[in-house]
Amino acid sequence: MAEVTAFGKILRKMRIDTSEVLGDMAKRLGVSAAYLSSIENNGREIPDGFVAKIATEYELGEAQVKELEEAKAKVKGAVDVKFDNRKAQANYVETAVMFAKDFSRLSAEQVEELKELLKRFESSGEHSIGRASL
């Protein structure tokens, strides 16, 4: 039997909370029960737009969507970087690609420092991070 992913665990909890069985959730999401089960058990990749579909169908809050996105990233082993039209300029895209390419070379301490920096940025509402020593 396949191991349930972090994403699958969240979906199963949602079903318990809404008193649904796998088939009910699958029908609400427009997929077959077998397909949904396969996503939960890492037999199929989580399709693009699936988190948004779940969020809409189950009227999820921002924190719940973030939890699903993080679980999806854990399963996938990657994250998507989205740019609005203003930020799709070459400088932003090039920086994101450089970051992604070199991310695996960061030490655990550097990752923690970067995480703390981003948390401060997020909670401050500032529009610039400033200089960081990584």
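Brief remarks follow.
- Label of the coordinate-derived value, Rg and Dmax of the Cα atoms in Å, listed as (i) 17.9, 51; (ii) 13.5, 40; (iii) 13.7, 36: (i)
- Calculated FRET efficiency for the pair R120/A73, C-beta based, R₀ 22 Å, to 0.05: 0.55
- Longest site-free stretch - the chain; sites: trypsin sites (Lys or Arg not before Pro), DSSP loop, at most 11 other Cβ within 10 Å: 1-81
- Approximate spin-label separation V97-K66, in nm, with each point projected 7 Å along Cα-to-Cβ: 3.0
- Sparsely packed loop sites in the stretch 25-61 (the GluC sites (Glu not before Pro) outside DSSP H, G, I, E and B with at most 10 other Cβ atoms within 10 Å) comprise E59.
- Fraction of accessible area attributable to carbon and sulfur, the chain (%, probe 1.4 Å): 53
- Pairs from K74/K119; K9/K119; K27/K74 whose Cα-Cα separation, in the structure shown, is over 22 Å: K9/K119; K27/K74
The values are calculated or read from the model by the stated rules, or taken from the named source; none is laboratory data. Since the structure is predicted, the reported quantities are computational estimates derived from the model, not experimental observations. In this analysis, Cβ positions are derived from the backbone assuming ideal geometry, glycine residues included, and neighbour counts consider all displayed protein chains. To get the accessible areas, we keep the full protein, side chains included, count just its heavy atoms, and leave off ligands, DNA and RNA. Shrake-Rupley method; radii C 1.70, N 1.55, O 1.52, S 1.80 Å.
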